[in-house]
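The values are calculated or read from the model by the stated rules, or taken from the named source; none is laboratory data. Only a predicted model underlies this, so the values are computations on that prediction, with no experimental measurement involved. Cβ sites come from the backbone with ideal geometry, for glycine too, and all protein chains shown count toward neighbours.
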Amino acid sequence: MPKIKDRVSFYEQIARNKRNSIILMAIIIAVFILLAYVISLIYQQDAFFILIIGIIVSISYVLISYYNSDKIALASVNAKEADYNEYRQLHHSVEGLCLASGMPKPKIYIIPGQQINAFASGRDPKHSVLAVTEGLVEKLNKQELEGVIGHELSHVANYDIRFMTLAAVMVGMIAIIAQIFLRSLWFSRGSSGGKDRGKANAALLLIGILLAILAPIAVQLVQLAISRKREYVADASSVKFTRSPTGLIGALKKIKNDSEKIKVSGAVAPLFIENPLKRVSGLFQTHPPIEKRIEILERM
């Protein structure tokens, strides 16, 4: 058992990780502004055209995905709506937690497969869905089931889909603008001017190229860091909804030891309570290590 002084308040955990998410989002916005500014210095009037194309393409793509996120996610995992009579306990658990959190009840779906996993999607609480695997319903007890449901409902309550969509828009704009800039260099001609001006332009161009190469990588890493922070928020919010970390701790331990697999696309995998695809290490993780999540929950 952790010492009293090592205890973590779930309110403190939620506030800290939300604050860190906002700071990380500010970093992405700062990188976007810096990249746009440098390109504007290099191309001057032409930069406006490059920025407009990048913004239109990236926003259009992400908004289409945003408004259809639940349909895309459900179709990709072949989920079917959960029959009330067949999955009565699941429906009762969701209804109870929705009452406790003041949320409308989402539509509930079942994903075929024995892996213990679940995800929630939807642009807001009124347009949300909760999907759980057959394995989760069969292998978790009532308390563990409610811990997972609380985690997923918190993603909806905290508007995580909207927040991560904003991050995706910014990251997408940076990637597209960087690509347009790098490709445009093949068609650009050297500018005339004095020797000093030529050196200045060459130095600025070099900075622009380095930014265009490194910025998309950097902001993608920041986006993954935001994703990990939102998982910590969802864990803490689950404790807030259920008033106990025990259920989610038990569920995460079972998920950690689960060897079953389900077929999931790479685009949908980050939505799950634990990424069902092959885990990567370090900065490229979409989720924090389960061991770390359990450790923090045990201190609540």
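Observations on the structure shown:
- Considering the range 242-261, the residues that are among the β-branched types (Val, Ile, Thr) and over 20 Å from the mean Cα position of the chain (by Cα) include one that is farthest from residue 97 (Cα to Cα), namely 249.
Okay, residues lined up against (1) in contact (Cβ under 8 Å) with a residue 12 or more places away in the chain; (2) assigned to a loop (DSSP other than H, G, I, E, B); (3) acidic (Asp, Glu); (4) under 18 Å from residue 114 (Cβ atoms):
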position: 251; (1), (2), (3), (4): yes, no, no, yes
position: 283; (1), (2), (3), (4): yes, no, no, no
position: 291; (1), (2), (3), (4): yes, no, yes, no
position: 295; (1), (2), (3), (4): no, no, yes, no
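- Top-ranked residue in the range 106-137 [being over 22 Å from the mean Cα position of the chain (by Cα) and not aliphatic (A, V, I, L, M); ranked as nearest to residue 71 (Cα to Cα)]: 112
- Within the range 134-189, being out of contact with any helix residue (DSSP H, G or I) (no Cβ under 9 Å at 6 or more places or on another chain) and modelled with pLDDT under 80 holds for 186, 187, 189.
Residue by residue, here is whether (1) over 16 Å from the mean Cα position of the chain (by Cα); (2) assigned to a helix (DSSP H, G or I); (3) modelled with pLDDT of 80 or more holds:
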position	(1), (2), (3)
2	yes, no, no
25	no, yes, yes
28	no, yes, yes
37	yes, yes, yes
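- Residue that is over 25 Å from residue 23 (Cα atoms) and modelled with pLDDT of 90 or more, where the choices are 255, 296: 255
- Within the range 270-291, none of the residues are buried (at least 18 other Cβ atoms within 10 Å of the Cβ), at pLDDT below 90 and farther than 23 Å from residue 159 by Cα.
- Considering residues of the range 145-187 that are touching a residue at least 12 places away in the same chain (Cβ under 8 Å) and not in a helix (DSSP H, G or I) only, the residue surrounded by the fewest Cβ atoms within 10 Å (Cβ to Cβ): 185
- Residue count for the range 235-271, restricted to those that are closer than 21 Å to residue 110 by Cβ and in contact with a His (Cβ under 7 Å, 6 or more places away or on another chain): 2
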